[in-house]
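Here the structure is laid out as structure tokens; the discussion comes afterwards.
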Amino acid sequence: MTETNNEFHDTQGSPIHAGSGDLNVNPVYYTIHESVQQQARGPRLTLKGDLRWLKSRFEPPQNFGAARDMLRQSRTVVLTGPPGCGRRTAAKMLLNELADDSTPFTVLDDEARTQNPGLDKVKVQLGHLFVLDLSESGEDVFHARQRDLLSFRTILQQRNGYIAVVVPDSRKHQLDSDLAQFEARIDRPRGASVLRWHLEQESIFPSDQQLASEELARSLSAPMSEIANLAQMVVLARDTNRGGDVSTWLGEAVSARIDRSNEVAQQLSKVPGGRQRTVLLAAAMCRGASSDAVFFASHRLVSALSLDEREQPRMEQEGYRTQLGDLSIDVAPNNRIEFSLRSYDRALREHFWDNYPDLREPFCRWVDDIIRIEQFTRRDRENLVDRFVVQALRTNSPGHVKWLIDRWIYPKHGTTNALRDFGVRALIAGLKDERQGHFFRQLVYRWSRRNDLPGEVGQILVDVCTEVIAPTYPNQALVRLHHRARNEDGTGAPTAYQALIELTSHDPMLLRLLLDRLTTGLAKQQPWPADHFLFRAIADPLRLADSSTRSQPLAADHTIRSQLAFCWRATMLARPDIIAQRVCDWFDATGRTAPHDVLLGILVDAASQHLHLLGSLHVLARDWSRTASGRADVFVRLSQLIDMAQGLHSTDYTFDHAPEEAVR
């Protein structure tokens, strides 16, 4: 072929830091990163890690075997059962029996809550396992997903996949006949067995007699999620009271969860005054804070609710300490507010949120006001945030939490918001909530699409994606990080760009998803500049050609090959200045992990429609082959493939020794 110049040459100073070397980082971003990591609390469980954790604590419900048979015979099972029987966990465990460490496993959360996206947008890999929990779906979504499942099951059959659909008993009568045939109804397992499994995994071994105690009986008839929470309370009691025994820890956990709603209602029936009730609510929200802090918190609530307009002058009212005594609120020796009855503060909070729905918004604004009280310690503020978020999410008011998050994390007048960490805390709590997490993942998604997002908020986005969303919803984390990577300026640490590379480095399914998104993005008339750099980063030839853990390397997959070729072509044409080193990496890897054509064929396919690209590829390979690490056989085979792409040869080449011109 005709000699030509090589237009592939790496340049320095690209807008995205993709290699080794120093990266200048604003220390504020490190502070954010550490804040998210610390507040995420506990080890990061991946989805597979979560499945292993559940398996070690799982007590199969009644009729679990019938559900297993239905899934294996039909690749579909519709799990029904009474509330609290653990349908969602059972669905995961049924699928987990079919999985190994490399099996794709996806919980279809967005698809269960909104009309769009539908199941037609779901990417199905070979052997893919899916959970679709319709327990919280609205009626429109419930019927839409049933329609989707008719065609989705066909795709699952073709791809050797399985799906477990969770349907509440209250919706059984709405099942289409095509789906009803796959129903398997489970009943709740024994509560004592579930608690035992959970505790034994934490090295706590209760006896049969201890589990049969009368005080424990009501707790063991609760929903499975509450029994799991009870086990956590027992572990907490053990960790804070090492001198006790199992009976003591069980007793503390049960008393911490006791229902005191009737006691609260009785007390409030005898406390008609608004100021006294504000003191009760402030004490419940701020328990553990100083008595002065609680006083000012209650006083501000009086003003917020306009109760002071109907009151006597302050000096004519009862003193604050007298009010505390009359309301059975204790002041501990360290001047901290406490309640003598365990869980009474929780019951008070629930009473006010349940009985005054019209005041939930004023309560929200009040929390924003009092978190700034100077008498509060940091721990007091954290408790306030935690308690408010629990009540807002419990009463289906996630928008109130969002309002506080926006107030607390966005920079004020160009400087860091002093309440940022508390906004992060509220966001993490929202993301972790099983019922309301979708709302907050959508919030993060909207952030990711903004091109004017403040850098500090962008850093929070990156960190909650990697620390909170990715372990359970890795696909959603990847989508949000990709949008953010397209919009960020690269001055944060770690950036969304770096987080994406890390996220895809150990998960072939996520790599496939990102490559699919890059193929779509680079096909646009004006592609995002970041997509070229992202492709260069994930186009790791050693990984793509590795077959040590697979029947064939990723680069041999027909779909992957066509996507790689397209992305190479788009990047060669748009950014020839950034790819020379990565192309040489592909030369280096050729023949070491897979036959020559697995990698070289993709490069030639990418350049084949443009003569100047073929020429540049040829020259780059020639120059590389003359370096200390270069190999003549790679250059020869690339030259043959280039000639074949131009129709100059009609037969494959085989050779035992490199031609003379290749080694001169």
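The values are calculated or read from the model by the stated rules, or taken from the named source; none is laboratory data. What you see is a predicted model, and the numbers here were worked out from it, not measured in a lab. Methodologically, a virtual Cβ is constructed for each residue, glycine included, from the backbone with ideal geometry; neighbour enumeration extends over all protein chains shown. Just so you know, the surface numbers come from the protein's heavy atoms only, side chains and all, with ligands and any DNA or RNA stripped out. Shrake-Rupley method; radii C 1.70, N 1.55, O 1.52, S 1.80 Å.
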**Report entry** Which numbered condition ASP531 misses (of (1) part of a helix (DSSP H, G or I); (2) touching a Gly at 6+ places or on another chain (Cβ under 6 Å); (3) open to solvent by 10 Å² or more (accessible area, probe 1.4 Å); (4) not small (Gly, Ala, Ser))
**Finding:** (3)
**Report entry** Verdict on ALA217 being without any contact (Cβ under 8 Å) to a residue 24 or more places away in the chain and under 33 Å from the mean Cα position of the chain (by Cα)
**Finding:** no
Query raised in the report: Are any residues in the range 49-70 surrounded by 18 or more Cβ atoms within 10 Å (Cβ to Cβ) and either closer than 17 Å to GLU183 by Cα or modelled with pLDDT under 80 (or both), and if so, which ones?
Result: PRO61, PHE64, ALA67, ARG68, MET70
Report summary line: Within the range 606-617, restricting to residues that are open to solvent by 20 Å² or more (accessible area, probe 1.4 Å) and in a helix (DSSP H, G or I), the one that is farthest from HIS558 (Cα to Cα) is HIS612
Requested in this report: Would you check if there is a residue in the range 407-415 being surrounded by fewer than 21 Cβ atoms within 10 Å (Cβ to Cβ) and either under 20 Å from the mean Cα position of the chain (by Cα) or touching a residue at least 40 places away in the same chain (Cβ under 8 Å) (or both)?
Outcome: yes
Report task. With the condition kept exactly as written, say whether any residue in the range 138-154 is open to solvent by less than 10 Å² (accessible area, probe 1.4 Å) and within 19 Å of SER225 (Cβ to Cβ). Result -> no
Query - Verdict on THR520 being hydroxyl-bearing (Ser, Thr, Tyr), closer than 23 Å to GLU502 by Cβ and part of a helix (DSSP H, G or I) - result: yes
**Report entry** Odd one out for PRO83, checked against (1) in a helix (DSSP H, G or I); (2) over 20 Å from the mean Cα position of the chain (by Cα); (3) more than 25 Å from THR154 (Cβ to Cβ)
**Finding:** (1)
Query raised in the report: Could you list, in sequence order, the residues of the range 515-528 that are surrounded by 20 or more Cβ atoms within 10 Å (Cβ to Cβ) and closer than 25 Å to ASP101 by Cα?
Result: LEU515
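For the range 624-664: of the residues being among the aromatic types (Phe, Trp, Tyr) and surrounded by fewer than 16 Cβ atoms within 10 Å (Cβ to Cβ), which is modelled with the highest pLDDT? Outline the logic, then answer.
Keep residues of the range 624-664 that are among the aromatic types (Phe, Trp, Tyr), which gives 624, 635, 653, 655.
Checking which are surrounded by fewer than 16 Cβ atoms within 10 Å (Cβ to Cβ) leaves us with 653, 655.
Numbers: TYR653: 45, PHE655: 42.
Residue satisfying both the conditions and the ranking: TYR653.
Of everything in the range 110-125, what is assigned to a loop (DSSP other than H, G, I, E, B), surrounded by fewer than 16 Cβ atoms within 10 Å (Cβ to Cβ) and either modelled with pLDDT of 90 or more or of a type in the set (D, E, K, R) (or both)? Give them in sequence order. Reasoning before the result, please.
Step one: of the range 110-125, the residues assigned to a loop (DSSP other than H, G, I, E, B) are 113-118, 122-125.
Still in the list and also surrounded by fewer than 16 Cβ atoms within 10 Å (Cβ to Cβ): 115-117, 123.
If the condition is that a residue be assigned to a loop (DSSP other than H, G, I, E, B), surrounded by fewer than 16 Cβ atoms within 10 Å (Cβ to Cβ) and either modelled with pLDDT of 90 or more or of a type in the set (D, E, K, R) (or both), then LYS123 is the only one that fits.
Listed residues GLU338, GLU361, GLU374; which is open to solvent by 40 Å² or more (accessible area, probe 1.4 Å), under 15 Å from MET285 (Cβ atoms) and of a type in the set (Asp, Glu)?
GLU338
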Report summary line: Checked the range 126-137 for anything open to solvent by less than 30 Å² (accessible area, probe 1.4 Å) and aliphatic (A, V, I, L, M); matches are LEU129, VAL131, LEU132, LEU134
Query raised in the report: For ASP101, are the conditions met, namely being open to solvent by 50 Å² or more (accessible area, probe 1.4 Å), farther than 24 Å from SER151 by Cα and in contact (Cβ under 8 Å) with a residue 24 or more places away in the chain?
Result: yes
Query raised in the report: Say we look at the range 155-173 and pick out the residues that are open to solvent by 10 Å² or more (accessible area, probe 1.4 Å) and touching a helix residue (DSSP H, G or I) at 6+ places or on another chain (Cβ under 7 Å); which of these is modelled with the highest pLDDT?
Result: TYR162
Query raised in the report: Among ASP259, ASP176, ASP245, which is farther than 28 Å from ARG435 by Cβ and either of a type outside the set (Phe, Trp, Tyr) or open to solvent by 20 Å² or more (accessible area, probe 1.4 Å) (or both)?
Result: ASP245
Query raised in the report: Name the helices (runs of 4 or more DSSP H) wholly within the range 207-301 that hold at least 2 residues that are under 24 Å from ASP354 (Cβ atoms)?
Result: 214-220, 224-240, 246-256, 261-269, 274-285
